[in-house]
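Worksheet: the structure to be examined is printed underneath.
The values are calculated or read from the model by the stated rules, or taken from the named source; none is laboratory data. Source: prediction; values computed, not measured. Neighbour counts run over all protein chains shown; Cβ positions are idealised from the backbone, glycine included. Keep in mind that these areas ignore ligands, DNA and RNA; they rest on the heavy atoms of the full protein, side chains included. Shrake-Rupley method; radii C 1.70, N 1.55, O 1.52, S 1.80 Å.
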Amino acid sequence: VLLRPASGSRQQDAPGAADGLALASDPGGTLNFLAMVENLQGDSGRGYYLEMLIGTPPQALNILVDTGSSNFAVAGVPDPDVTSYFNPELSSTYRSQGIEVTVKYSQGSWTGVLGTDVISMPKGLYGSYTINIATILESENFFLPGVKWHGILGLAYDALAKPSSSVETFFDSLVRQAKIPNIFSLQMCGAGLPVSGSGTNGGSLVLGGIEPSLYTGDIWYTPIKEEWYYQVEILKLEVGGQNLELDCREYNADKAIVDSGTTLLRLPEKVFSAVVQAIARTSLIQEFSSGFWTGSQLACWDRTEKPWSLFPKLSIYLRDENSSRSFRISILPQLYIQPILVIGDNLQCYRFGISSSTNALVIGATVMEGFYVIFDRAQRRVGFAVSPCAEADGSPVSEIEGPFTTADVASNCVSSVSFHEPVLWIASYALMSLCGIILLVLIVLLLIPPRCQHRYTDNDVVNDESSLVRHRWK
């Protein structure tokens, strides 16, 4: 095994239920799910995107599909890292709202102006729809070199929308205007293929329902714990069939979400450390550089060798809709030991598709490429089914099994103290107001003549311990 410095790839940092909603295709109506099959392109390293026509006359742009944010935004001015942008001055139907908006992600941010315009999707719903759209005027580490998308389609809940939850999201607008069911589903086909490659891997975003040809077996559903991100409840992790034996609350610290806009499987630091130790212990490689696990180095093998047989399977247990049961989704090494770079004629280099996180467990593209994922907002649940395209060398690289009992885990693995971001803002303003009142009182006390001041004793001293309010942006 040869170790090389990692390339410049950067992270962007969502019984089985056979009764899942599957609407019949209607070639003459709004919904034609078969027309949405293979409507995505991309790869797990740079995201999957959908072609969209914006404005009048229409301007064609590729839009990144992101279930971990809620704003629909497109490049609104030329940028060195994008090949196209939306020019609102050329659209007769564009209406500016004159509201500035800034969105920050785990990596990167942008600032733009809110407006509305009509959109249509060549491989989506029939018809045109009026949508809130932010034109990006400034950005930092958002558009990356080589990406083939020009904007982002946030498909999470309005609680994450900026500048406030009053901004109707793209999908909410479609549900209201097209009168489609409040459900969408996502398949990303990149298993075992080089990441950050040609960007021609396929995928499907089905708006309004489920397309049966995109999955095999049953759909297993887990409840959405909180409607902001697609927050779910993780019960335990296994590496090579061995339970990590961590308190289940560690897996949900401080949230566990399903997010197509995140490249890797991201784990809270304590969980990440345990997973790395378990993989290193059960793999057939006795000595392995720490740089591979942290993402600073690539591991390279002769191109005739396939290193996947050296690594164990990774399983994530999710709580079933019946809370006394669980099911597990498993990914084989072909999904988390990812080919990324070819050196010369003989070497293929791989990266570790798992990273540590300070504030969430994120089921990102590393895992999602193994499954057809259903975001059933109407019934407040996320479904997983095996994806037929999750194969490498003709063999499946993902599995779903269940049901299992939850008798060995806590009845609730999610912290009871969980706030939507708007609540955090309210709390922040309340604290600032309180601080202002206290400051005003202190100023008044300072202006009072000394003879009127109270002489404090030791019993009068009060210690005030403040809490930090953290932004819960992706």
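For GLU269 and THR56, calculate 0.36 nm times their separation in residues minus their Cα-Cα distance, and state this gained length in nm to one decimal.
Values: separation 213, 0.36 × 213 = 76.68 nm, distance 4.81 nm.
Gain in length upon complete extension: 71.9 nm.
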To the nearest 10 square angstrom, how much accessible area does TYR126 have with a 1.4 angstrom probe? 100
Could you pull the accessible area for TRP308 with a 1.4 Å probe, rounded to 10 Å²? 20
Would you kindly derive the ³J(HN,Hα) couplings of segment 32-44 from the backbone phi angles with the Karplus curve 6.51 cos²θ - 1.76 cosθ + 1.60 (θ = phi - 60°), listing them in order in whole Hz, with x for Gly and Pro? 9, 5, 5, 5, 8, 5, 6, 8, 10, 9, x, 7, 5
In terms of modelled amide H atoms, which long-range or inter-chain residues lie less than 5 Å from the amide H of SER70? ALA156
Suppose R0 equals 41 Å. What FRET efficiency, 1/(1 + (r/R0)^6) with r the Cβ-Cβ distance, do ALA407 and THR102 give to the nearest 0.05? 0.30
For CYS389, CYS413, what's the largest-to-smallest order of accessible area, 1.4 Å probe? CYS389, CYS413
Can you give the relative contact order of segment 34-180 as a percent, counting alpha carbon pairs under 8 Å and 6+ residues apart? 29
Using only protein heavy atoms and a 1.4 Å probe, report how much of LEU144 is accessible, in Å² to the nearest 10. 20
Cross-link reach from LYS313 to lysines, straight Cα distance under 16 Å and at least 8 residues apart if same chain, gives LYS236
For segment 216-270 and segment 353-379, compute the distance between their C-alpha centroids and round to whole Å. 7
Using the Karplus curve 6.51 cos²θ - 1.76 cosθ + 1.60 with θ = phi - 60°, what ³J(HN,Hα) values do you get for each residue of segment 266-276, in whole Hz, with x for Gly and Pro? 10, 10, x, 3, 5, 5, 4, 4, 5, 5, 4
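Hey, got a sec? Which GluC sites (Glu not before Pro) in segment 210-308 land in a DSSP loop and have at most 14 other Cβ atoms within 10 Å? Intermediate results must be reported in sequence, preceding the final value.
On the way: sites: GLU226, GLU227, GLU233, GLU238, GLU245, GLU250, GLU269, GLU287, GLU305; in loops: GLU233, GLU245, GLU287, GLU305.
Passing both the DSSP loop test and the Cβ count: GLU245, GLU287, GLU305.
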Counting heavy atoms of the protein chains only and a 1.4 Å probe, report the per residue accessible area for segment 182-436 as a whole number of Å². 37
Quick one: length gained pulling THR294 to LEU244 fully straight, 0.36 nm per residue minus the C-alpha distance? 16.0 nm
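Leaving ligands and nucleic acids out of the surface, order VAL37, VAL74 by accessible area at 1.4 Å, largest first.
On the way: VAL37 40, VAL74 0 Å².
Output order, biggest surface exposure first: VAL37, VAL74.
Compute the FRET efficiency between GLU321 and ARG281 as 1/(1 + (r/R0)^6), taking r as their Cβ-Cβ distance and R0 = 45 Å, and round to the nearest 0.05. Please report the intermediate quantities before stating the final value.
Working: r = 34 Å, r/R0 = 0.76.
Rounded to the nearest 0.05, the efficiency is 0.85.
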Over what distance in Å are the Cα centres of segment 315-345 and segment 35-67 separated? 25
Two pseudo-spin positions, 7 Å from Cα along C-beta at SER415 and at THR93, lie apart in nanometres by 4.4
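Determine the order of GLU51, GLU138 by accessible area, beginning with the largest, at a probe radius of 1.4 Å.
On the way: GLU51 85, GLU138 130 Å².
Of GLU51, GLU138, the descending order of accessible area is GLU138, GLU51.
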Over all alpha-carbon pairs of segment 34-180, lay out the pair-distance distribution in 10 Å bins, whole %, shortest bin first. 12, 46, 37, 5
